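First the structure, in the form of structure tokens, and then the observations on it.
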Amino acid sequence: MQGKIIKGIAGFYYVQVGEKVYQCRAKGIFRNKKVKPLVGDNVEIDILDEADQEGNLVKILPRSNELIRPAVSNVDQALVIFAAKNPNPNYNLLDRFLMMMEKQDVPVIVCFNKVDLAKEKDLKLLEKVYENCGHLVKFISVKEEEGIDEIRGLTHGKTTVLAGPSGVGKSSLMNLLQPDAKMETGEVSEKIKRGRHTTRHSELICIEEDTFVLDTPGFSSLFIHMFEEEEIKDYFQEFAQYEDQCRFQGCSHTHEPDCGVKKALEEGKISQIRYDNYVNIYTELKEKRKW
Ligand SMILES: Nc1nc2c(ncn2[C@@H]2O[C@H](COP(=O)(O)OP(=O)(O)OP(=O)(O)O)[C@@H](O)[C@H]2O)c(=O)[nH]1
Ligand SMILES: [Mg+2]
Ligand SMILES: [Zn+2]
């Protein structure tokens, strides 16, 4: 029988087949081959007990893609959610995340939630920083149900993974898109101004026929060891148009004289925040390579 893994907890995989969900174990063949079943996988199962809805995972069907962070498969796009306020957006983390998604060829929609909490000037800044990043950028408020119809439209007919830090409203958005989902949501800590990692497991929810959304646990850091420092600039798409003004070929836009990107930065054509993140990531990778 064929189904889809919607959740994996403590060695069990929950496989949806039509209206039913079977609790399955992965047999030894997966461990021996070092393949780990992922949420989102289309699988074949053997039913062990129809009444108790238990089964065995026997085969994983070919994946269209698999993401490392969050660990899910067969997604069409990522809705990367940050809060415009509470918690304040961590630009560096966002830029790392965009790089990761791009590297994995997953189209990204950047979504800033909680616009109800942000001041007009905060939103203007966010808009300015990301206007040329090469991704669609949306502003929403789950609380006030603002911008949600547009998100519905963008997710329609696709499998979308919700990703972002803890406390930004991923599960809250999920509950709005699919009230039956009843995902647990949690407050942002007053003291540390961060979410509390309320969601512990990725979970695939069917919104309507052919439309799936994956809620995932929040993340707070991203190591990007899979990148070479020289390729980082290619992920900051707004730099490209100024690169032919760099004096040196292969200019890293950090220390070289007559750099077109640095000139564009001085003229305010490139965002200081994005540029600083670029230098931060570039330097981190360069330092690492020295060891
Ligand atoms: N003011 C405001 N609060 C919101 C909005 N969306 C979500 N929240 C609140 O933000 C808090 C965190 O929401 P969650 O949905 O649990 O966040 P999450 O991204 O799923 O967090 P993790 O599961 O920990 O990764 C909750 O108290 C929500 O009620 C919004 O648009 N405006
Ligand atoms: Mg959550
Ligand atoms: Zn340059």
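Tell me, what is the FRET efficiency for Ile9 and Glu144 to the nearest 0.05, using R0 = 41 angstrom and their Cβ-Cβ distance as r? For R0 = 41 Å, the calculated efficiency reads 0.80.
When Rg and Dmax are taken over the Cα atoms of segment 76-165, they come to 12.5, 35 Å. Considering every alpha-carbon pair of segment 223-291, the percent of pairs per 5 Å bin, from zero through the bin containing the longest distance, is 3, 18, 29, 27, 15, 7, 2, 0.
In a fully extended conformation the segment linking Phe248 and Asp180 would gain 18.8 nm over its present Cα-Cα distance, using 0.36 nm per residue. Kirkwood analysis of the Cα pair distances in the chain returns a hydrodynamic radius of 20.7 Å. What segment 102-242 shows is 52 Å² of accessible area per residue, with the surface traced by a 1.4 Å probe over protein heavy atoms.
Label positions at Arg63 and Lys263, each projected 7 Å from the Cα along the C-beta direction, are separated by 4.5 nm.
Order the peptides 87-98, 189-200 from the highest to the lowest mean number of other Cβ atoms within 10 Å of their residues. List each step's numbers first, then the result.
Values: 87-98: 20.0, 189-200: 13.5.
Packing proxy ranking, top to bottom: 87-98, 189-200.
Measuring max minus min along each principal axis, the C-alpha atoms of segment 32-112 give extents of 48, 27, 22 Å (largest first). Averaging 1/r over each pair of different alpha-carbon atoms in segment 151-277 and inverting the result gives 17.8 Å, the Kirkwood hydrodynamic radius. Can you classify segment 252-291 as rounded, prolate or oblate using the Cα gyration tensor, where a ≥ b ≥ c are the square roots of its eigenvalues, rounded means a/c under 1.5, and otherwise it's prolate if a/b beats b/c and oblate if not? Cα axes put segment 252-291 in the oblate bin. For the chain, the relative contact order works out to 14 percent when only alpha carbon pairs closer than 8 Å and six or more residues apart are counted. The amide H of Glu54, built 1.01 Å from its N in the peptide plane, has Gln23, Leu48, Asp49 as neighbours under 5 Å, considering only residues 5 or more places off or on other chains. Carbon-plus-sulfur accessible fraction, the chain (probe radius 1.4 Å, protein heavy atoms only): 48%.
From the alpha carbon centroid of segment 1-25 to that of segment 129-145 is 34 Å.
Spin-label pair Arg196-Lys33: with each label point 7 Å from Cα along the Cα-Cβ axis, the two points sit 4.2 nm from one another. Cross-link partners of Lys269 among aspartates and glutamates, defined as those whose alpha carbon lies under 20 angstrom from its own and excluding same-chain residues fewer than eight positions apart: Asp95, Asp122, Glu127, Glu131, Asp234, Glu238, Glu243, Asp244, Glu256, Asp258.
The values are calculated or read from the model by the stated rules, or taken from the named source; none is laboratory data. Here the structure is a predicted model, which means the values were calculated and not measured. Ideal geometry is used to build each Cβ from the backbone, glycine not excepted, and the neighbour counts take in all protein chains shown. Calculation scope for accessible area: heavy atoms of the full protein, side chains included, ligands and nucleic acids excluded. Shrake-Rupley method; radii C 1.70, N 1.55, O 1.52, S 1.80 Å.
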